[in-house]
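S.K.: Please find one structure pasted underneath; my questions will follow.
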Amino acid sequence: MYCTNCGANISDNSKFCTQCGAKIERASVETPVTPELNQRKFGKTGLVIIIAAILIVFSCVVMAKNSIIRAVSPKSYLGIILNNTISKISQELNNSRNELMGFTLTEKDDFTLGLAGEIASMSSEGGFIDYSNIKRLGANFNISVDKGNKQLLWKSQVLYRDNPLLSINFFLNDSEVGVNIPELFDHYWTAGTEKFGRKWNDSYVGWQLINFRISDDLDLSFSKLMDYSSKVITDETRKKIAEITKEFLKHIKIGDMTSSNVTIKGKSVKAREIQVIIEGSELESYLIDIMETYVEDEYFVNQISATGNYDDFMDGFDIFINGFKDNVNIRGDITLYVTEYKGLIVKLELEKEFEVYDQMVELMLEISSNDIDNLINDFKFDFELDAGGETLAIELSSKGNHVPQKGLYTDDTRLVVRIPYEDNLIFESECDVDLKKGTIDGSYKLREGESGIKLDFSGKYINSKGLDISLDDVGITVSSYPGTIKIRGSIDFKLAKGAQKDLIKIGEKQYILDMDEDQIYEYFEEEGIDDRLRELWDSFNTAIGFY
């Protein structure tokens, strides 16, 4: 070893040079790395890199998941969750109905329905009428629907102390309709169902004796009545509306998809919020197209014709549509916020300003459910329309076991309607049904300001062989000026499969609409209808204590 300062030869262990005294600086020596150690080091680093790469890719996939969905088929994704939600709600409603009824009643099934009630007591606080004699005044209604034979039978009575005061029997099939009031006349007053409206209006009974006009276009028959009750619109109109909706959906855009928190069964959970963007002008056109298609539907035309003149209705509708086009302006885009959790829509939110008659109107809408297992068990609906500080609002909240759980159905519902310059309209309902014990109890309240009506009830609920509800304790309280009326009584309701074909016996018929004025007066005199009408009126007033 040599000194780096003077070059003298020194020993390896020396710290200082023996010739010049300089401190010996030892150079560090690099130790060669063996191939085995190098491979081990590289293996650990590579594993870390691979794991990190997987995590990065996974994170990117998670963060970009919404973008991937949006890029592939955002509308399809939205359509799937919308279809899932509608299907689930429909299934829940069916399950609830089937559980409560205990049997399934299809559109093809015959059925019999009965409703009866009796007053046990009636009193007035602050009023001037004595209702004490109304005790044991009652009524019953029974309907038999025979779809196989296309016939409806109706029997109803007003009773006092179990004695009939007034009876009404009615039948309807595809060719004839008839009514009989035994206390007034013995025959069934009968008419053909085809062009019934025109026959009624042209008859002396319709336009002069009873002085009540109906639509000339009304055709009354059992089959048409069943169609009206089972279908709101025809299948053809449904297809048209589906095509209009399909075209409208082409203009919908999907915006950002972000994470959000929602409350499900009292717990905050992570959900996905989707922005659905709709052009205001497209929505206007869509609403107009839907309304115009709906009012042209055959069933709708017949329903309007049954109670009035369709042409008059359309004149008013055209004025409304023209006013809508001229005075409603939805500017810009509408953003609907859709919150999805586990493939179901649990929340919808919308806020939008638009112009009506040159005034800005602010719309707010929110629909939500807090129960993912059964969406109808806990839901809210809030709607608000504000125009210059004047607000129309609808607030609906409902929770309970609407789909019965362990044989128990519960409901707690509240509806509030706020109208400018009017008292709030408030409806509240509570109901508990124990299917195992066969009991029911609850209450309904409807009030506006100081006026209102309350119904409370309890009794038996049996659905083993048809539906049989016997409410032996029913209370009705009516609050209004000048006082409060309280009624106690009972109500029975029955619904069963199968028609009661012998509910009434159809006797001799009298085609009353074919008779002119002279024939009518002669018939009334022969039957003594005027005298029988006076007797009926006197017996009713005597029974309830007015005489």
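A short reminder: the numbers here are calculations on the coordinates, not readings from a lab. Remember, predicted model here, so these are calculated numbers, not experimental data. Note that each Cβ is placed from the backbone with ideal geometry, even for glycine, and that neighbours are counted across all protein chains shown.
S.K.: Length gain on complete extension for the stretch residue 95 to residue 174, per 0.36 nm per residue less the alpha carbon to alpha carbon distance?
M.R.: Residue separation times 0.36 nm, minus the Cα-Cα distance, leaves 25.0 nm.
S.K.: Ranked highest first by average number of other Cβ atoms within 10 Å, how do 204-210, 187-193 line up?
M.R.: 187-193, 204-210
S.K.: In terms of Cα to Cα distance under 14 Å, which aspartates and glutamates are near enough to residue 509, apart from those fewer than 8 places away along the same chain?
M.R.: Answer for residue 509, where 14 Å is the Cα cut-off: 176, 186, 527, listed by chain and number.
S.K.: Roughly what would the spin-label model give for residue 247 and residue 287, points 7 Å off Cα along C-beta, in nm?
M.R.: In this crude label model, residue 247 to residue 287 measures out at 1.9 nm.
S.K.: What does the charge add up to near residue 457, with Lys and Arg as +1, Asp and Glu as -1, over the other residues with Cβ less than 12 Å from its Cβ?
M.R.: Within the 12 Å Cβ shell, the charges total -4.
S.K.: Same structure, new question: When the Karplus curve 6.51 cos²θ - 1.76 cosθ + 1.60 is applied with θ = phi - 60°, which whole-Hz ³J(HN,Hα) does each residue of segment 346-354 get, with x for Gly and Pro?
M.R.: The phi angles translate into 10, 7, 10, 9, 8, 9, 7, 9, 8 Hz.
S.K.: To continue, here is another question. Quick query: amide H of residue 500 versus all other amide H atoms, modeled in the peptide plane; which residues come in under 5 Å with a sequence gap of 5 or more or a different chain?
M.R.: The answer is 145.
S.K.: So, one more: Would you mind counting up the charge near residue 419? Only other residues with Cβ under 11 Å from its Cβ, with Lys and Arg at +1 and Asp and Glu at -1.
M.R.: After counting each charged neighbour, the total is -3.
S.K.: Now for a separate question. What list of ³J(HN,Hα) values in whole Hz, one per residue of segment 142-153 in order, does the Karplus curve 6.51 cos²θ - 1.76 cosθ + 1.60 (θ = phi - 60°) give from phi, with Gly and Pro shown as x?
M.R.: 9, 10, 10, 10, 10, 6, x, 9, 6, 8, 10, 10
S.K.: Just subtract the alpha-carbon distance of residue 506 and residue 147 from 0.36 nm times their residue separation and send over the number in nm, one decimal.
M.R.: 127.4 nm
S.K.: Ok, one more. Considering only Cα-Cα distances, which of the following residue pairs are longer than 28 Å: 224/505; 150/465; 150/460?
M.R.: 150/460
S.K.: Please report the net charge: other residues with Cβ closer than 13 Å to the Cβ of residue 245, K and R +1, D and E -1.
M.R.: For residues surrounding residue 245, the net value is +2.
S.K.: Residue by residue through segment 329-334, which ³J(HN,Hα) values in whole Hz follow from phi under the Karplus form 6.51 cos²θ - 1.76 cosθ + 1.60 (θ = phi - 60°), with glycine and proline marked x?
M.R.: 10, 9, 7, x, 8, 10
S.K.: Mind giving me the nanometre distance, one decimal, between the label points for residue 367 and residue 386, set 7 Å out from Cα along Cα→Cβ?
M.R.: 2.3
S.K.: Ranked from highest to lowest mean number of other Cβ atoms within 10 Å per residue, what is the order of the peptides 512-519, 430-437?
M.R.: 430-437, 512-519
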